[in-house]
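Everything below concerns the one structure shown next.
Read-outs throughout are calculated quantities, based only on the coordinates presented, and are distinct from any laboratory measurement. Quick caveat: nothing in here was measured; it's all calculated off a predicted structure. So basically every Cβ, Gly included, is an ideal-geometry build from the backbone, and we count neighbours across all protein chains shown.
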Amino acid sequence: MSDNTVKMSSIRRNEIILKVVIYIVSIIFSIMTLFPFVIMFANSFKSTVEVQQSTLALWSAHPFANLAKNWHVINSKDFHPFTGLLNSFIISTCSTILNVYFSSLTAYAITAYEWKLRDAFSGMIIAVMMIPTTVTTIGFYQMVYKLGLTNNLSMLIIPSIAAPMTVFFMRQYLQANLAMEIVQSARIDGAGEFRIFNQIVVPLMKPAIATQAIFAYVGSWNNLFMPLILLTDKTKKTLPVMVSLLNGDIYKTEYGAIYLGLFITVLPLIVVYAFLSKYIVEGVALGGVKS
Amino acid sequence: MRNKKIVDYAKFGYLFSIPFILSFCIFTLYPVIYTFVIGFTNLKGAGNTEWQFLPSVGKNLFQNFIDVLTSKTFHKAFRNTWIIWIINFIPQLGFALLFTAWFTDKRTKVKGTGLFKILFYMPNIITAATMAILFNKLFGYPKGAINDIIILLNPAKGAYNFNAHEWPVKLIIAFVQFFQWYGNTMVYLIAGVIGISPEVFEAAEIDGANRVQTFFKITIPCIRQIMLFTLVTSLIGGLNMFDIPQLYIGTDANNAGLTTNMYIRNQAFSGSYMYNRSAAASVILFIIIVALSSILFYILRDKDEAKLKKLKKQELRAAKKGF
Amino acid sequence: MKKVIASVLSVAMVAAIAAGCTTQPTDAPVSTTGDNGETDPVETETSADETEETTTEKQTATYGTGAEHINLWSFTNEIPNMVGQYIKQNPEFGEKYTVDCTIIATDGGAYQQALDAALVAGGDTAPDMYAAEAAFILKYSQGDMAKFASTYKDLGIDVDAKIKDADIAGYTIEVGSRDGEVVALGYQATGCAMIYSSSIALDVFGTDDPAEIEKIVGAGTGSWDTYLNEVAPKLKEKGYAAVSGAGDIWNACEKSADTPWIVNGELNIDPKRDAYLDIAKTLKDNGYSNDAAGWSEAWFADMKGEGPQKVFAFFGPAWLINYTLYPNCGGTQAGEGTYGDWRVCAPPVGFFWGGTWVLGNKDTDNKEGVAELIEWITLDTSETGLQYLWANDLMGNGAKDTVASATVMAKSNGTLDFCGGQDIFPAFIAGNSYASAKAMTQYDETINRYWTDAANQYAEGNLDRDAAVDAFKTNVADNLSF
């Protein structure tokens, strides 16, 4: 009897210790995580000189005057937050939707159907995934330039239909989570294949889609090099490209304004992330699960 | 009747893959083929568009490949890339697994896991460039946050020049890489665990499995596919590492942070515009990644599925014979 | 669910198509930019120091309304703004031409990559006129891409006579010449001076008179020996640093060399550049510097006089005073921070640092238009010429800068309170004449980085001298094939 209570209390003690450890480690990591955001935020309120003298300081002598000045610098230097936001939004949203939808479709084609070239095709996707991006950017730019399609936002959107990484992930996910019985029973009910995909498979893949959508969105939003050389018309520039222009006048870099620009750039991402993360965090109960 | 259905469905397999194939052929294939071809030519110099295959100018067809493979700098870059990737990946996967275990465990009622899950991914939404620059300031010499602390603790010793020495540079780059990606890996793993049926865990609990046992015997095998994914993508990402080392240190500190991808870029864009050598180096990198990933896939392949496939094939053959 | 996906998809498609459609006529004058210009004029009203016209002009990608199109490529809005100013002064130019500006930041080599592709591709959208920075001008004036540049003569500019009239700084001509013919000229002059602290000079040498200090530091001797062997120890005795970091001296060692890094396809280490290894080591071992890298927090702290040792001098062009020293001095009037304490004199070794050059495409359809703009920017010495406006802070830079034409400099006034009321221009004109560009190649940016790192490794004690040089040679051989 007493033995049992000792055991119970020791289990409870271990439980508490574990909890404390979890909280301590998590809080340390959270603080680490917030560090770059806090710095970016704080630096938006600093003058260039204050940033130069100490990038990591959290205080500023005249925070609001500096913020106003940084905002003015931004606006006088081809940085149009609303145009940039709109362009970034169009590119990221469209390419994310194309990316996750067509990747799911392709992954479904590989997982659910048996066709002759299937293995060759999925092998090819994995190989494509391994092509270093440095390699393709040069050829891609030359091609777009020759076609005269620079400054065309769709050149940054349509290629995301073929996103091998996402296909690969979706395939891994479907292999673990797709029960063919559900598909079969839908077929018996007379549903067409495309409808089965849209109405049954896509909802099933929600957690995977949400995960990939976040990564695709972030990747597209932060993409700098390609937009930088493709989008030369200032009405087409994305936010990161505009931030790069703040490096601006030779020998005179407005650091405070750059951090404000970076902060403006990252803000919408945080919103999008908060919106999508609920699918990851809450955990969407899956319909049919292979155990 | 049954056979006819199979043929029907196969059609959808092709149909649903068309968008991917089209987009790939238009936007990726041409640049890739272009790169492969250039690796065997004498194309160099900015603004130059004329090139010949190496044998037609009296050189070995593989000269560019030989140049790259015998280059000391490439060796160093290759070694660095592995070292930095490994130093970053072990803790990355370790912490991601740890947090996954903690945050998906229904028994330890930890509050605020939702918040932590969101927070931990956040470093991934800042561009690598910004991150590299902030860390560069953090480890600044002789003035910088870390050095300020060092001086405060031990005024006699003075500031330490982190960015002039080989190992500190590698460790810092690996840390930044870890810091940016552990949350991403964690999100993948959690998505995998969420996909596991809750009944499995309930059954394990009823069977009296403790937390550690459940995790290693149930959770990990169930998310093996996702772990394979994170391993492969991290490997690919790691071998392609560019932004963080480039902006943190570049070629300084005696190439301490030089990666293969930086080497490729330097061949093409640091003054001599050796597109041919750069292309050859990327082909080499490509082959290495393909080889490694194939090995990984082979080791971690789903054995049951492979068996099943074999069985099905046999069945199909038998059916055909019968027909 | 299906409905949601379908509607989202259709929105995406429409948006993608719309984005595609609106972008096609890139060469037509942009007239549909109303949406992004809306909020900005309101913002700019709060700024008193800039004229409204220039800020609103910045909202459009084009200047002028004429039928003839000139494509201008640049990496900042500096030159596009100049074009705007020119059209304001000469409206008839704007009636004849439309200047379409393409601005691409230099990040990650993006500007050069896009510019190269555009020059090679040619045709209507090719740049007619383009800018290049000191770091990569050699590639466009003498290196791989030089074949696309037109000589100023071919553009129809009477270049020899104009250069003589304007008395253009010699090094800018050397940089911009291909086989003896001018293809590029700049507007700034970035010849360097020694910018020293008068209070430290008084404390150590008993005088802060520029002429005296020049004698003490061995100005114009072309060697750092006096500065390092005689001046630095004296400064050290009283607890001052001779320089903030070794990098401050590197610029001078690099640009004052007599032979370039590459001679007849072989790597060549000029003695003056070779000496930098020992200079870096001496500075570190003797504590003559604060060991601060350029553009680091420690470097900026030294400008404020807050480093571990106060720093006697910085070496640089006028822009270093305007954009770096002045804002970082810790004050805005005499007595605050190091404001008013700085003086300028000729440096021991002459060199230049930075600058922008302007080139015309040999295949341009609008030679006259391009020539007119280039001439106004680089060779016009009148009081309505760009250089006069630039030197006297009439372009909205907020700083008086030195320009390439000595004729213009002579007309301009360079007194600065920041330098205790000294007229800084004479010292910089001297600096311009000491500067030389005979030892430059298109590979310099890369090779310099390898060399300074070798010096750093040697000074830190990680590598001995021979190993550092070997590491450098390996780097050059492996990355540049020399």
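Remark on C:ILE168: its backbone amide H falls under 5 Å from those of C:ALA406, a criterion applied only to residues 5 or more positions apart or on other chains, H modelled at 1.01 Å from N.
For the protein assembly as shown, what is the convex hull volume of its Cα atoms per residue in Å³? Please list the in-between numbers first.
Working: hull volume 212.4 nm³, N = 1096.
Output value, Cα hull per residue: 194 Å³.
Which helices count as membrane-span-like in chain B under these terms: full DSSP H, at least 20 Å along the axis by C-alpha, Kyte-Doolittle mean of -1.0 or more?
Values: long enough: B:2-24 (34 Å, 0.39); B:72-104 (47 Å, 0.68); B:166-194 (42 Å, 1.07); B:224-239 (22 Å, 1.38); B:275-300 (37 Å, 1.91); B:303-322 (28 Å, -1.66).
Long hydrophobic helices here: B:2-24, B:72-104, B:166-194, B:224-239, B:275-300.
Structure remark: mean-square fluctuation, Gaussian network model of chain B, C-alpha springs under 10 Å; the largest value among B:ILE86, B:ILE236, B:ILE194 belongs to B:ILE194.
Nothing charged except the Cβ atoms of Lys and Arg (+1) and of Asp and Glu (-1): what's the magnitude of the dipole of chain C about its Cα centre? Round to the nearest 20 debye. Kindly include the intermediate steps, with their values, before the conclusion.
Details: 31 positive and 71 negative charges, 171 e Å.
Here the size comes out at about 820 debye.
Label point of B:LYS106 set 7 angstrom out along Cα-Cβ; within the range B:179-217, amide nitrogens under 15 Å from it belong to B:193-209, B:211, B:214-215.
Think of the protein assembly as shown as having a plus end and a minus end, set by charges on the Cβ of Lys, Arg, Asp and Glu; of B:GLY271, A:LEU246, B:THR230, B:THR230 sits farthest toward the positive end of this dipole.
Give me a single rounded figure for A:22-32: the average over its residues of other chain Cβ atoms within 10 Å of their Cβ. Write out the running numbers ahead of the final one.
Numbers: counts 11, 5, 0, 5, 11, 3, 0, 9, 7, 1, 4.
Partner-chain Cβ atoms within 10 Å, mean over residues of A:22-32: 5.
Each residue of the range A:98-256 gets 160 Å³ once the volume of the Cα convex hull is shared out per residue. If the Kirkwood radius is taken over C-alpha pairs of the range C:352-466, then at 4 °C and 1.567 mPa s the Stokes-Einstein diffusion coefficient equals 74 µm²/s.
Inverting the pair-averaged 1/r between distinct Cα atoms of the range B:21-63 gives 11.7 Å as its Kirkwood hydrodynamic radius. Each of C:ALA399, C:PRO91, B:PHE16 was scored by the projection of its Cα onto the charge dipole of the protein assembly as shown, and the greatest displacement toward the positive side belongs to B:PHE16; charges sit on the C-beta of Lys, Arg, Asp and Glu. Shown is the FRET efficiency for B:ILE83 and A:THR133, computed with R0 = 22 Å from the Cβ-Cβ distance and rounded to the nearest 0.05: 0.50. Between the C-alpha center of the range B:56-99 and that of the range C:415-482 there is a gap of 30 Å. Altogether, the Stokes-Einstein calculation at 20 °C and 1.002 mPa s, with the Kirkwood radius of chain B over Cα pairs as Rh, returns a diffusion coefficient of 90 µm²/s.
Comparing B:PHE201, B:PHE179, B:PHE135 in a Gaussian network model of chain B, where Cα atoms under 10 Å apart are tied by springs, the biggest mean-square fluctuation is seen for B:PHE201.
Placing unit charges on C-beta atoms (Lys and Arg positive, Asp and Glu negative, everything else neutral), compute the dipole magnitude of the range A:2-74 about its Cα centre in debye, rounded to 20.
Details: 6 positive and 3 negative charges, 26 e Å.
Value, rounded to 20: 120 debye.
Among the listed pairs B:LYS157/C:LYS473; B:LYS137/C:LYS234; C:LYS147/C:LYS438; A:LYS69/C:LYS255, a Cα-Cα separation exceeding 27 Å is found for B:LYS157/C:LYS473; B:LYS137/C:LYS234; A:LYS69/C:LYS255. Here, chain C yields an orientationally averaged convex hull projection of 27.6 nm² when only Cα atoms define the hull. Within the range B:128-146, whose backbone N sits under 12 Å from a point 7 Å along Cα→Cβ of B:PHE175? Answer for this model: B:135-140, B:145-146.
With a simple spin-label model that places each label point 7 Å from the Cα along the Cα-to-Cβ direction, the separation between A:PHE64 and C:THR259 comes to 6.5 nm.
Each label was represented as a point 7 Å from its Cα along the Cα-to-Cβ direction; for A:ILE188 and B:LEU98 these points are 4.9 nm apart. For the range A:2-74, the residue among A:ILE22, A:VAL49, A:TRP59 whose Cα projects farthest onto the positive side of the dipole built from Cβ charges is A:ILE22.
How many times 2.2 N^0.38 Å is the alpha carbon radius of gyration of the range A:2-74?
Cα Rg divided by the expected 2.2 N^0.38 Å: 2.05.
Stretched out straight at 0.36 nm per residue, the stretch from C:ASP278 to C:LYS238 would grow longer than its current Cα-Cα span by 12.0 nm. Summarising the amide proton neighbourhood of C:VAL403: residues at separation of 5 or more, or on other chains, whose placed amide H is nearer than 5 Å comprise C:ALA189.
Once you charge only the Cβ atoms, +1 for Lys and Arg and -1 for Asp and Glu, what is the size of the charge dipole of the protein assembly as shown about its Cα centre, to the nearest 20 debye? Write down the numbers at each step before the final one.
On the way: 84 positive and 100 negative charges, 1509 e Å.
Around 7240 debye, computed over the protein assembly as shown.
Taking amide H positions as modeled 1.01 Å from N, with prolines and chain starts lacking one, the residues under 5 Å from C:THR415 and 5 or more places away or on another chain are C:ILE424. Among A:SER47, A:SER88, A:SER185, whose mean-square fluctuation peaks in a Gaussian network model of chain A (Cα, cutoff 10 Å)? Evaluated over chain A, the most mobile residue of the options is A:SER185.
Calculate the all-directions average of the projected area of the range A:1-159's alpha-carbon convex hull, and give it in nm².
Values: hull surface 82.4 nm².
If you wrap the Cα atoms of the range A:1-159 in a convex hull and average its projections, you get 20.6 nm².
Modelled spin labels at C:GLU92 and B:ILE150, positioned 7 Å past Cα toward Cβ, are 6.7 nm from each other. Partner lysines whose Cα lies under 29 Å from the Cα of B:LYS109, excluding those fewer than 8 positions away in the same chain, are identified as A:LYS7, A:LYS19, A:LYS206, A:LYS278, A:LYS290, B:LYS117, B:LYS217.
Here is what passes the span test in chain C: the DSSP H helices with alpha carbon length of 18 Å or more along the helix axis and a Kyte-Doolittle mean of 0.0 or above are C:2-22. Excluding same-chain neighbours fewer than eight residues apart, the lysines reachable from C:LYS162 by a Cα-Cα span under 16 Å are C:LYS153.
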